[in-house]
Amino acid sequence: MLKSDLPREIERKYLLLMPSDEAIEELKPISRDEIIQTYLLTDASGAVRRGTPSDGYRYYYTEKTDVAFGERIEIEREITANEYKDLLGQADKSRLPIEKQRICFDYLGQFFELDLYSFSDKYATLEIELDDINRTVTLPDCLNVVEDVTGDKRFSNFALSLNQNFEI
């Protein structure tokens, strides 16, 4: 398979001050999932994720490779609970699992993922997938955006797994 044939993810990411419960309800969430994301030793881009949507646990294996500003190749597949347990045996012990609540919502026809991290009561992140990195994004007024952190590696989950600290 050619690199150009691999699935691409184009995404903008924003650092937010932690939204209030009222602001979150104003967003009219579509879903709320609890996620634990663990990075593996086998490949710097490899991770396993367990999510707890309303219909039970789901497990995923993901590999991501940056290719351009705000764009990366993302290969993801759902795995079984047994595969998940086996892969956890390859966890990178120098990195802490990322525990977060993901709140998905639609705003003005745009689909967003708001991540609230267990290790921070001050900051959250907001992501939107796009078909073009330069597309105009309209953010909800009820969210307090600190900055656009698209492409800033310090705010990737991979980097956050080292110290679980938002360093601004």
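Any residue in region 135-159 that's open to solvent by 60 Å² or more (accessible area, probe 1.4 Å): show its pairings with residues that are in a helix (DSSP H, G or I) at Cβ separation under 6 Å, as long as the two are six or more apart or on different chains.
Short answer, once both residue conditions are applied: Lys153/Ala159.
Gly151 fails exactly one of the following numbered conditions: (1) under 16 Å from Gln37 (Cβ atoms); (2) within 15 Å of the chain's Cα centre (by Cα). What is the number of that condition?
Every listed condition holds for Gly151 apart from (1).
If you check Asp132 against the conditions, is it open to solvent by 40 Å² or more (accessible area, probe 1.4 Å), in contact (Cβ under 8 Å) with a residue 60 or more places away in the chain and in a strand (DSSP E or B)? If you could, list the steps in order and put the result at the bottom.
Working: open to solvent by 40 Å² or more (accessible area, probe 1.4 Å): yes; in contact (Cβ under 8 Å) with a residue 60 or more places away in the chain: yes; in a strand (DSSP E or B): no.
So Asp132 fails the test.
Among Thr138, Thr150, which is under 20 Å from Thr62 (Cβ atoms) and modelled with pLDDT of 95 or more?
Details: Thr138 fails: under 20 Å from Thr62 (Cβ atoms).
Only one candidate passes the filter, namely Thr150.
Considering only residues of region 86-120 that are open to solvent by 40 Å² or more (accessible area, probe 1.4 Å) and aliphatic (A, V, I, L, M), which is nearest to Leu143 (Cα to Cα)?
The extreme case among them is Leu108.
So, of the residues in region 89-126 that are over 15 Å from the mean Cα position of the chain (by Cα) and outside any loop (DSSP other than H, G, I, E, B), which turns out to be farthest from Lys28 (Cα to Cα)?
Ranking the candidates gives Ala91 first.
Applying the selection to region 74-105, what residues are among the hydroxyl-bearing types (Ser, Thr, Tyr) and out of contact with any strand residue (DSSP E or B) (no Cβ under 6 Å at 6 or more places or on another chain)?
Thr80, Ser94
The values are calculated or read from the model by the stated rules, or taken from the named source; none is laboratory data. A quick note: this is a predicted structure, and the numbers were derived from the prediction, not measured. Glycine gets a Cβ as well: all are built from the backbone with ideal geometry, and neighbour counts include every protein chain shown. Ligands, DNA and RNA are excluded from the accessible area calculation, which covers all protein heavy atoms including side chains. Shrake-Rupley method; radii C 1.70, N 1.55, O 1.52, S 1.80 Å.
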